[in-house]
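Asker: Got a structure here, written out as structure tokens. Questions coming.
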Amino acid sequence: MTYSGFKYCPFCGEELPQNHMMKFCPFCGKKSSLNDKIALEVAQHEVIKEKTLSKNVDREKKIKNEIYMRDTLLQQMDDEYYSIILKYTTDRMSLIKVLEKILVRSAFAVRLAVDNMPSLIIYKAKREDIVNLHTAFVQGQASVSIIPGEFNNNPSLKELFPMFGKLNLQMRKDIESLPMKLWIGDQIINVFPIKYGESKKGILVITNKNIYIIYKYAVMTEFRWLVISYTLLLKVVKDNKSLEFIYKNNKVERIEFITNRELVEAFEAIEHVV
């Protein structure tokens, strides 16, 4: 008796070998009948349903492990004037060349502002000019904070960091050693201890505009910082105990967390922002 017309076993749903004489399912051992069409249809339907559910679960899992960035700059611009604080760039010379073409100031002033990051590089520009200026900073791979209207140029750390008193003593000292302008213009959301590259001691600061990676290698006497504006990123990926920041130009930065709980909290904080 040939069962070549059966693709799936009516009982266990496993896919049957085709073009073979079969009296029993090689998987569950039960005897099948060609007249058992209803059971066959049910088995096929269940297999298809199970495969569909499996694909949906995999897709949902992938989505939860990736955050894609959205450009919401224009939606948030309701004020007449804005200032820009330059926080960081991976390529200073490239940024200087871009800014020399669009800023109405001397080449020396532009270079001075870039060399002294973090720095107030645009003060109270009109809203319609900010979009073009921001595009230039993105082109120069620069991370910035855009500040509406008036702002406090000399805030305290406790004003900027609502959770400052809850941080451990060493982390507070490390943050105090950094330039105050690094944080101006951002709303601090959360702070985490991390590992970054060769640095076994680092700090991740998540804000509403940027991601700050503070680190110090063994040979360094002072902390350094890497600032990543959300506008430079394509997505953020959660993987094991790490987060990967994928830039639009395909560059990748990776940080590791001490605990899985902190990884999840950081991932959810970024997801909430973007």
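Asker: Taking into account only those residues within the stretch 258-268 that are closer than 20 Å to Leu233 by Cα and in contact (Cβ under 8 Å) with a residue 60 or more places away in the chain, which is farthest from the chain's Cα centre (by Cα)? Steps first, answer last, please.
Answerer: Of the residues in the stretch 258-268, the ones closer than 20 Å to Leu233 by Cα are 263-268.
Those left that are additionally in contact (Cβ under 8 Å) with a residue 60 or more places away in the chain: 265-267.
Details: Glu265: 13, Ala266: 10, Phe267: 8 Å.
Step by step, filter the stretch 258-268, then rank; the result is Glu265.
Asker: Quick test for you: out of Arg92, Arg105, Arg127, pick the one residue that is more than 30 Å from Lys238 (Cβ to Cβ), modelled with pLDDT of 90 or more and open to solvent by 90 Å² or more (accessible area, probe 1.4 Å). So that I can check it myself, show each step before the final result.
Answerer: Values: Arg105 fails: modelled with pLDDT of 90 or more; Arg127 fails: modelled with pLDDT of 90 or more.
Sole residue among the options that is more than 30 Å from Lys238 (Cβ to Cβ), modelled with pLDDT of 90 or more and open to solvent by 90 Å² or more (accessible area, probe 1.4 Å): Arg92.
Asker: On to the next question. Look at the stretch 215-259 and say how many of its residues are out of contact with any Ser or Thr (no Cβ under 7 Å at 6 or more places or on another chain), open to solvent by 80 Å² or more (accessible area, probe 1.4 Å) and at pLDDT 95 or above.
Answerer: Qualifying residue count, the stretch 215-259: 0.
Asker: Can you find even one residue in the stretch 142-159 that is of a type in the set (Gly, Ala, Ser), in a strand (DSSP E or B) and over 20 Å from Gln76 (Cβ atoms)?
Answerer: Residues of the stretch 142-159 that are of a type in the set (Gly, Ala, Ser), as a first pass: 142-143, 145, 149, 156.
Imposing the further condition that a residue be in a strand (DSSP E or B) reduces the set to 142-143, 145.
Filter once more, keeping what is over 20 Å from Gln76 (Cβ atoms): none.
No.
Asker: Here's another thing I want to ask about it. Give just the number: which of (1) in contact with a Ser or Thr (Cβ under 6 Å, 6 or more places away or on another chain); (2) more than 17 Å from Ala266 (Cβ to Cβ); (3) at pLDDT below 95 does Met180 not satisfy?
Answerer: (1)
Asker: Please find, among Val205, Val131, Val144, the residue that is under 19 Å from the mean Cα position of the chain (by Cα) and assigned by the TED database to the domain that holds Met93. Give the derivation first.
Answerer: On the way: Val205 fails: assigned by the TED database to the domain that holds Met93; Val131 fails: under 19 Å from the mean Cα position of the chain (by Cα).
Matching residue, one of Val205, Val131, Val144: Val144.
Asker: Show the residue pairs meeting these rules: Cβ distance below 9 Å; 6+ apart or different chains; first residue within the stretch 133-153 and at positive phi; second residue of a type in the set (A, V, I, L, M, F, W, C).
Answerer: Gln141/Leu95; Gln141/Leu232
The values are calculated or read from the model by the stated rules, or taken from the named source; none is laboratory data. Computed from a predicted model, the values in this text were never measured in an experiment. Backbone-built Cβ (ideal geometry, glycine too); neighbour counts: all protein chains shown. Calculation scope for accessible area: heavy atoms of the full protein, side chains included, ligands and nucleic acids excluded. Shrake-Rupley method; radii C 1.70, N 1.55, O 1.52, S 1.80 Å.
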